[in-house]
Each structure stands twice: as C-alpha cells, then as structure tokens.
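Q: First the structure, then my questions, so here it is.
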C-alpha cells in the first residue's frame, strides 16, 4: 500500500476565489523521500496542509478529489487523528512552539495521548539524542536560532511516531552545517520506513530526494526521478528554478 495517495486534488481557499491546487495526482511509497519543488506561490505549502488535514478541517475552503495517508481518507478524520499518521513541520516553526522548554515541547504530544510516563520519557530521550538537542533541552525555544527551532519542531512531531513527515522549507533558515545534519537525520528516518515529503524552492536542499514533483501555478507539471530532473538544466532554467 502506498503511504500517500493524492488523486485529482483541487482546492480553493474561497469558493469564489482562485484555484490554488489544480487536479494534483501522485503517490508516495513507504520509505520514499519526495521533494515538492516550485516557485513561491505555486501551491507547495497548500499541498502540505492538505496532507496533514489542516485543510480542510481548520482552514476550510473548497476541496475536491482524494487525499489518503496510510489508507485513511484525510477529509473523513480530524487533525488529532491524522497527526498520528502525518507529522507537519511548518515553514515558520514559531507557530508550533509555545512551551517553556525544549523538553516540554517534545513531551507535549505524547502526554496528550496519555501514554505511560516511562514511554513519554523514552520518546523525549530518543528525540533529544537523535537531533542533538542535549545542550539546549532546558532552553526556552523562543530564544533559539531559526535552525534550532526547526529541530525542536521536528522532534515534537516525531515524538508522535508518524509514518509520514511533511517538511515545509525547514532548511531555509539553516547554515550549511545544520542543513547537512537535517539531511543525515532524514536519510536515517527513511531507513526506518518513514515517508518524507520535503517542500522546497531551492535545488540545493533536495540532494537526498528520490523523486521530485514540480508545481507551477497550482498544477503538477512534472513527476520524475530526482537525478533526471536535477540534470535537466533547460527545464529548470525555464521554470526559473536554477539557483
């Protein structure tokens, strides 16, 4: 079974408004890293919000077509249920961080699942160590750098152990060392069967992708092996995606 199935997805924020996503269809297999590439405003982030159920459950709008994660129809389940399947890390991590310490942020979701204290402690310990957050575990997330905030937000969603991750330009604020760290973490997660969608607009961040989806003005205009698309400089230049 495919981890993600999107079939003929269309979306408008307002019924009378502009079509933001136009007949999007693709699949992502378990353990696959899929990059979603395109210029700002092409619909990349909106697609990510659809996968996690933020659209339509929180933001409303008019959605047609099918979005499934692990065989679950997104529009038929609430966001709390979907969070067990899909972990979203937003472009602005401050929208996800609101507790006084890094440890508190990572423990929050497992605590809300009413997991046993020993299981919560194990998940916090695992995330702290995997992401290299030991030195800042008692720090206030609001006082961290942008890259550190993204790591904390990633730890918070991974603590729920979702099988699918959607990362919305999480490397945009990171230096080269932090980017490499994130890439290494994502490659390791893929080995454990995680399906990862990386929403980006810079080719530099996509070196670990297996496939690339290219969006233009809300439409999926190309879906292919990452190596083939990255090598197609004429196409990338035409789409203004050469950096």
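Q: If each residue of separation counts as 0.36 nm, what is the full-extension length gain between residue 222 and residue 81 once their alpha-carbon separation is subtracted? Intermediate values should be presented prior to the final figure.
A: Values: separation 141, 0.36 × 141 = 50.76 nm, distance 3.13 nm.
Result: 47.6 nm gained on full extension.
Q: Further question: Please express the shape of the stretch 56-155 as an equivalent ellipsoid: the semi-axes are the square roots of 5 times the eigenvalues of the C-alpha gyration tensor, given largest first in whole angstrom. List each step's numbers first, then the result.
A: Working: eigenvalues 155, 58, 25 Å².
Largest first, the stretch 56-155 gives 28, 17, 11 Å.
Q: Scaled to the compact-protein estimate 2.2 N^0.38 Å, what is the alpha-carbon radius of gyration of the stretch 113-174, rounded to two decimal places? Present the calculation step by step, with values, prior to reporting the outcome.
A: Values: Rg = 12.3 Å, N = 62, 2.2 N^0.38 = 10.6 Å.
Expressed relative to 2.2 N^0.38 Å, the Cα Rg reads 1.16.
Q: Just 25, 178, 16 to compare: in a GNM of the chain, with alpha carbon springs under 10 Å, which one fluctuates most?
A: Result for the chain, Cα springs under 10 Å: 16 fluctuates most.
Q: Given a Förster distance of 30 Å, report the FRET efficiency between residue 161 and residue 10 from their Cβ-Cβ distance, rounded to the nearest 0.05. Kindly include the intermediate steps, with their values, before the conclusion.
A: Numbers: r = 32 Å, r/R0 = 1.05.
Calculated value: 0.40.
Q: In degrees, nearest 10, range 0 to 90: what is the angle between the Cα axis of helix 176-191 and the longest Cα principal axis of the chain?
A: 90
Q: Rg over Rh of the chain, using C-alpha atoms and the Kirkwood radius, what does it come to?
A: Numbers: Rg = 17.6 Å, Rh = 18.3 Å.
Taking Rg over the Kirkwood Rh, I get 0.96.
Q: Among 184, 126, 135, determine the one that fluctuates most according to a GNM of the chain built with springs between C-alpha atoms less than 10 Å apart.
A: Fluctuation is largest for 135.
Q: Points 7 angstrom from Cα along the Cβ direction at residue 202 and residue 126: gap in nanometres?
A: Placing both labels 7 Å beyond Cα along the Cβ direction yields 3.1 nm.
Q: If you build a Gaussian network model of the chain, linking Cα atoms that sit under 10 Å apart, which residue out of 233, 62, 161 swings the most?
A: Greatest mean-square fluctuation among the candidates belongs to 233.
Q: To continue, here is another question. Just to compare against my own numbers: the Cα pair-distance distribution for the stretch 128-243, 5 Å bins, whole % per bin, please.
A: Per 5 Å bin, starting at 0, the Cα pair percentages come out as 2, 10, 20, 22, 18, 13, 8, 5, 2, 0.
Q: What translational diffusion coefficient, in µm²/s and rounded to a whole number, does the Stokes-Einstein relation yield for the stretch 138-188 at 37 °C and a viscosity of 0.692 mPa s, taking the hydrodynamic radius as the Kirkwood radius over Cα pairs? Provide the component values of the computation, followed by the final result.
A: Details: Rh = 11.7 Å.
It comes out at roughly 281 µm²/s.
Q: Helix 117-130: angle to the longest alpha-carbon principal axis of the chain, degrees 0 to 90, nearest 10?
A: That works out to roughly 60 degrees.
Q: Moving on to the next point. Please work out the C-alpha center-to-center distance from the stretch 126-183 to the stretch 40-58 and express it in whole Å.
A: Measuring centre to centre over Cα atoms gives 21 Å.
Q: Between residue 192 and residue 232, with labels modelled 7 Å along Cα→Cβ, what's the label distance in nm to one decimal, could you check?
A: Distance between label points: 3.4 nm.
Q: Can you give me the angle between helix 146-158 and the longest principal axis of the chain, using Cα atoms only, in degrees from 0 to 90, rounded to the nearest 10?
A: 80
Q: Could you work out how far apart the two model spin labels at residue 2 and residue 99 are, taking each label as a point 7 Å from the Cα in the direction of the beta carbon, and quote it in nm?
A: 3.5
Q: Hey, with R₀ at 35 Å, roughly what FRET efficiency would residue 19 and residue 138 work out to, going by the Cβ-Cβ distance, to 0.05?
A: On the way: r = 47 Å, r/R0 = 1.34.
The computed FRET efficiency comes out at 0.15.
Each reported figure results from applying straightforward, stated rules to the coordinates on display, with no laboratory input. Keep in mind the model is a prediction, meaning the values are calculated, not measured. With ideal geometry, Cβ positions are generated from the backbone for all residues, glycine too; neighbour counts draw on all protein chains shown.
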